[in-house]
Structure formats: C-alpha cells, structure tokens
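Below is one structure; the comments refer to it alone.
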C-alpha cells in the first residue's frame, strides 16, 4: 500500500495510521476510566442508600419495619429506575416508586456470595450492620423493562437475614458517559485533524531541502550553474557531495573526450595538408584533392559536433557583441584587403548574448566571412533587442545575393551555391546548428542593397549579476 | 619573393617549400618557433608563413615578438585550429592573413603574392612599368602583353625590382631577397642575372645606380 513513489505520501500515511490508532486507544482507555468513574459515583449513591436503609431497618415480631422515609430523591420515582427493596424472611419493604412490583434479583443473587451467616448476637437492637459487609454489584432488567444497576447487600437486622437492594437506571451511568464520550470524541477527532495537518506541514517543511535540491539540480541541468549549492541539511549533504563529484567527473570526462577529438582532428589536419600540397597538379591530383576536402569536411563536422555535444544550454555565458564583431571585421578586412570593404557596425556597446564567446565568434565569423566574400563594397552589421529576451543580429551585404528558394540548399553541410569560391558553405550549416543549439535561429532575407541579409536570433545574456 | 616558412611538421614544410620554389620563391624553413623568431628578426623576407602550433615558442608569441621588435613583414598564419576565436587572436597578434589546414597550394601562393604586393603599397593586382607588367596574382611577367620566360633567380630579381619600381633597390637587399639563407651568395652572379634580364626586357629599364644598387623604371624616350 505504501507506494515507493512519494516520500511525503509514505510519511503522511504512516503518521495518519499511527495518530488514528493512538487516538482510538486513548478514546477506549478514557471510555473505561470514565465509565468506572461514573459507575463509582452511582455505586456510592446506592451504597449510601443501602447504608441508610440498613440503619433504619428494624423488626417487630419478625416483620421488617422502616423507621423513617427512605424515598428521598432520587428514589422518589423521578426519574424512574431508582429503587430500593429490603427483603426480610417474612416481608419485603420496597420503595414507593416500585408500587407492589418486585425487583427480581434471582439471576443476580445466584452469582452473589451466599447470605452472611448471622453475626454474633448484637449488643443493641439498632446496631448497624457490621463493617466489612459491603454491597455487591449486578445488572439486570428492572420491572419497567429498563436496564438497572443493582447493589445488593445481605445483612442481618435484629438477627434476621435481610437482603437490601438498591438500583439505579443503567441510563444514569450511560447518560453522562455518553455525554462525556461525545465531547471527548469530538475533541479527539479535532486533535487527530490537527495532528495530521501538523504532520503535513512537518513533512512539507522536512522535505523542503529536497525540493531545493531538485531546483538546484535543475539549475545545473539548465546550465545556469555548474555545481549544486553545498549548503544543505546534514542529511542531504552527502548526497550533494556525491552529486557534485559526479558532475565534476562528468565534466572532466567530457573535457577529456573533447580534447581527444580535437587532438585527433588537428593531428589529422597536418598530414592532410601535406598530402594536399604534395598532390600533383594534373587531373588525377585534382580528383584526389576532392577526397582531401571531403576528409576535411568530415573532420570539421565531427569536431563541431564534439563541441556542440558538450554544450548543454547557455552556461551563464555573456558575450558582448560589439568588440567581437569589430575584431572579426578587422580580420576579414585584412583578409579581403583588396576589396576595400566599407564595414559599418551599429551595435549598442553593452548589448550581449548568452553564448560562449567561441561559439559566437564561430557564428558571426562564418556569416561575416560570407558577407565579405560576396559583397561588392559594403557590409553592414546591426544588432538590437527583440522582445525582452532575444537579440537580433543582422549582417547585410550588397553582393549578388541568391535566390531565397536556394536557402535550404545553402544550409546543407558542405553545400556551396558557387563551387568556385573557397570556404563557403560549410560555415552556414555550422552557424545554423550553433544558433539552434542556443535556442536561436538563422534566417535569410534579401537586403535592400540587393545582396543577402542574414538574421541571427540569439538569447539575450542575463545581467552580469546573475 | 623570399618566404620564411615556420612549420614544425617536417614533411609538410618540405612539400610547401618545394611547391613555393616551383613558384620561383626563395624559401627559408624553420622547424621551431625559436629559430623562426630569430630568422624573422635578422633576415629580410617578403612574407612569412607561420604555423601557430610550434614547439619551443608558439606561433602567436613569435608574431608578437616580431611586431614588438618593429618587424613589419606580412605574416600568413597556418593553423589546424579553424575556430574564429583563434583567427581573431592570431590577427590581434599581428597576422595579415590565415589559412587552415588542409589548404590548396595555389591558394597559399595566391595569398602570399597578394600580401607581398599590398605590403609593397600596390593596390591593383597588376603592376605596370612601361611595356613591362607583372600579374601579382599569377606571378606572370608580360612584356608588351606577351609572357616572358624567366628562371627562378631572374624572376626573383625582377619581382623585387618591380615591387619597388622607380626606387633604388640596394644591392645587399636584392642579394638577401634573391638567395636562400644557406645558399652561397655571390654578388657577381647578381650582375650576371641583371645582365640576362636586361637582354630579355630591354637594356634601359634596369638602371645601375653606381655604388648603391639597381632601379627599375620606364625607359626615357
């Protein structure tokens, strides 16, 4: 029944069961205690009546007599059930409320100890019964078909064996008891509810560190943090330490794997370069050159993959656009020095994106490279906010442009629209992959100048404090 | 055109040097950053090809040291790392162009020629001096529109002169630019080369400035 799926449900269920069990036991015990208490009160009342009767009983010629009124309340008939009876050998005296009915004590009497033997001859006629002869209890149906509680005393009056009986209605015991138990049950129920609520609160409070831990891990997964906060309750601390060690180990392994891939890739490139240079300049050499280029594409592709696989979200990255664009522009201005490209940048100085610097350089570098490659005179770069969370970077050239229908083709890895131009094509698919990895996008438009306008949307960087 | 090639991979260095020599270039090869830095500081080169991942002294550091030392020779970076961040860092260190491995040799030669031409202050890809013109992109000399056949040494001398046309080129500079570091330099052979060139392009174009050097200029009418 206890599902392993929810700790709080387990705790609450167990607590509820224990609380209910404890309260039910308490109720039962209290019921018996109260019952005994009320019963004792009634018994005392009846015993007093019996003592009273036994002190007032006398005998005249073997006939029991009563010297006085023994029908004071509650034995005056209201409520019913309060009766008394004194049974002598020859006659029976009974309370007025009984009329001429008899209390049937035969069933009880059987279970009672036998009548006391006549005590030693009394010194005086009106001596009260000797101490030690206490009334005995019993229950039975009374003459009104009502359950009665009996107290019966066998005694002697002037040497005569006399049985004195006093009864109280069972209801006199049960009434107050029921009343007390009702109140008690309500109190216990309220207590149970209060305890369960307290338990829920306690469980919530107790499990809060787990919720905090979950959020902390979520932060790590989302890349906003690289380890779980170490300040945790003592019980959770070992778990956190283990998790952090695991994260470190993971990062280390990932880093090692990435380095291996990078080393492999870069290690391959130099011999590949040698091969490319050594190839003969005839037709066969050109064919083989294509193979070299194919190999290089594969290397670049998997190198890019290895890098992006390590990227798990915007890792609190904060790259200010303007200096990077300016640097890249300076590089490309030198590379394409013969074109004397008019490069203009219109970016607010503090505008930043949530990308790793290297990844941003990769995206912007590839796009700017294309623009410089194809432009006639100008390359314009603008950037600004879009909505509250995105930065839009647009790079425009005044080159020949291309048909927008060719865009999907341009984005295929290794595809070039113009096979003659070196280095073009591969960059765009890498750029798109990177942009999408960061939750952004890459879009092509026609620029007013007739060339291409590439629009990259990237997430805005969080503020420096975050 | 004299090229300083700093590349630690012996095989690649050999192949590049061979290919460059086929393009009439004089090539000095250094196999580590330390030697390369020294050569760049002490010898006169038209252009340097610098691998970034070098033993002893990394390429970027070599480049920075040259620039701090006031060496202005154009530098093309050769790297296996093709990230833009690395390129930007290379350019910040003072590079003028880059190529990522693997590359086409034609591409390298073309880029080097463009660098040398630009650093000599020529904007257009073709340099003209009277009937003589030099296609800097392809490295072809033409006289009256017809290509001239030149030996490697002749080509180097003429290229050096046409890059600095109308100015006097010092004999020692010319010798430095034409002969590779380990070749025996014989100033007499320079005279021989110039004499052969004069026969090919015309007597008047290369003037001897006594005691100083040579000057390439349009022949006076």
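The values are calculated or read from the model by the stated rules, or taken from the named source; none is laboratory data. Note that the structure is a prediction, hence the values are computed from the model and not measured. FYI the Cβ positions are ideal-geometry reconstructions off the backbone, even for glycines, and counts take in every protein chain you see.
Step by step: first the residues of the range A:266-277, then only those that are free of Cβ contacts under 8 Å to residues at least 24 places away in the same chain and crowded, with 17+ Cβ neighbours inside 10 Å, then the one that is farthest from the other protein chains (Cβ to nearest Cβ). Which residue is that? Steps first, answer last, please.
Within the range A:266-277, the first condition is being free of Cβ contacts under 8 Å to residues at least 24 places away in the same chain, and the residues that meet it are A:266-267, A:270-271, A:273-277.
Within this subset, residues satisfying the condition of being crowded, with 17+ Cβ neighbours inside 10 Å are A:266, A:270, A:273-277.
On the way: A:266: 4, A:270: 5, A:273: 4, A:274: 4, A:275: 7, A:276: 4, A:277: 4 Å.
Here the residue is A:275.
Picking from residues in the range A:286-343 that are within 11 Å of chain B (Cβ to nearest Cβ) and under 43 Å from the mean Cα position of the chain (by Cα), the one that is modelled with the lowest pLDDT is A:307.
Residue B:96 - would you say it is buried (at least 21 other Cβ atoms within 10 Å of the Cβ) and within 13 Å of another protein chain (Cβ to nearest Cβ)?
Details: buried (at least 21 other Cβ atoms within 10 Å of the Cβ): yes; within 13 Å of another protein chain (Cβ to nearest Cβ): yes.
Spelling it out, residue B:96 is indeed buried (at least 21 other Cβ atoms within 10 Å of the Cβ) and within 13 Å of another protein chain (Cβ to nearest Cβ).
Within the range A:162-183, the set of residues being more than 16 Å from residue A:36 (Cα to Cα) and surrounded by fewer than 17 Cβ atoms within 10 Å (Cβ to Cβ) comprises A:182, A:183.
Would you check if residue B:59 is more than 8 Å from chain A (Cβ to nearest Cβ) and surrounded by fewer than 22 Cβ atoms within 10 Å (Cβ to Cβ)? I'd like the intermediate steps shown before the answer.
Numbers: more than 8 Å from chain A (Cβ to nearest Cβ): yes; surrounded by fewer than 22 Cβ atoms within 10 Å (Cβ to Cβ): no.
For residue B:59, the condition - more than 8 Å from chain A (Cβ to nearest Cβ) and surrounded by fewer than 22 Cβ atoms within 10 Å (Cβ to Cβ) - is not met.
Within the range B:150-157, does at least one residue satisfy the condition of being more than 14 Å from chain A (Cβ to nearest Cβ), in contact with a strand residue (DSSP E or B) (Cβ under 7 Å, 6 or more places away or on another chain) and under 22 Å from residue B:3 (Cβ atoms)? Show your work before the answer.
The initial filter retains those residues of the range B:150-157 that are more than 14 Å from chain A (Cβ to nearest Cβ), namely B:150-157.
In the following step, the residues that additionally are in contact with a strand residue (DSSP E or B) (Cβ under 7 Å, 6 or more places away or on another chain) were identified as B:150, B:156.
With under 22 Å from residue B:3 (Cβ atoms) added as a condition, the list becomes B:150, B:156.
Yes; the residues of the range B:150-157 include at least one that is more than 14 Å from chain A (Cβ to nearest Cβ), in contact with a strand residue (DSSP E or B) (Cβ under 7 Å, 6 or more places away or on another chain) and under 22 Å from residue B:3 (Cβ atoms).
Select from the range B:75-91 the residues that are out of contact with any helix residue (DSSP H, G or I) (no Cβ under 7 Å at 6 or more places or on another chain) and either at the interface with chain A (Cβ under 7 Å from one of its Cβ atoms) or more than 18 Å from residue A:326 (Cβ to Cβ) (or both) and list them in ascending order. Please lay out each step first, then the result.
Applying the first criterion (out of contact with any helix residue (DSSP H, G or I) (no Cβ under 7 Å at 6 or more places or on another chain)) to the range B:75-91 yields B:78, B:86.
Passing the criteria: only B:78.
Among the residues of the range A:218-233, at least one is within 26 Å of residue A:16 (Cβ to Cβ), surrounded by 12 or more Cβ atoms within 10 Å (Cβ to Cβ) and under 25 Å from the mean Cα position of the chain (by Cα).
Of the residues making up the range B:1-23, just one is touching a strand residue (DSSP E or B) at 6+ places or on another chain (Cβ under 7 Å) and facing another protein chain (nearest Cβ under 8 Å), namely B:16.
No other residue among A:22, A:97 is in a helix (DSSP H, G or I) and surrounded by fewer than 18 Cβ atoms within 10 Å (Cβ to Cβ) apart from A:22.
Looking across the range B:113-123, the residues that are surrounded by fewer than 20 Cβ atoms within 10 Å (Cβ to Cβ) and more than 7 Å from every other protein chain (Cβ to nearest Cβ) come down to B:119, B:120, B:121, B:122, B:123.
Take residue A:255 and decide whether it is part of a helix (DSSP H, G or I) and facing chain B (nearest Cβ under 8 Å).
Numbers: part of a helix (DSSP H, G or I): yes; facing chain B (nearest Cβ under 8 Å): no.
When the stated conditions are applied, residue A:255 does not pass them.
So residue B:110 fits all but one of (1) within 14 Å of another protein chain (Cβ to nearest Cβ); (2) under 19 Å from residue B:27 (Cβ atoms); (3) in contact with a strand residue (DSSP E or B) (Cβ under 9 Å, 6 or more places away or on another chain); what number is the exception? Residue B:110 satisfies all of (1) within 14 Å of another protein chain (Cβ to nearest Cβ); (2) under 19 Å from residue B:27 (Cβ atoms); (3) in contact with a strand residue (DSSP E or B) (Cβ under 9 Å, 6 or more places away or on another chain) except (3). Has the range B:124-139 got at least one residue that is crowded, with 18+ Cβ neighbours inside 10 Å and in a helix (DSSP H, G or I)? Within the range B:124-139, not a single residue is crowded, with 18+ Cβ neighbours inside 10 Å and in a helix (DSSP H, G or I).
Within the span defined as the range A:435-443, one or more residues are modelled with pLDDT of 85 or more, surrounded by fewer than 17 Cβ atoms within 10 Å (Cβ to Cβ) and in contact with a strand residue (DSSP E or B) (Cβ under 7 Å, 6 or more places away or on another chain). Among the criteria (1) away from chain B (no Cβ under 14 Å); (2) within 28 Å of residue B:100 (Cβ to Cβ), the one residue A:263 does not fulfil is (1). Taking first residues from the range B:151-172 that are assigned by TED's automatic domain parsing to the domain that holds residue B:26 and partners that are in a helix (DSSP H, G or I), no Cβ contact under 9 Å between residues at least 6 apart in sequence or on separate chains turns up.
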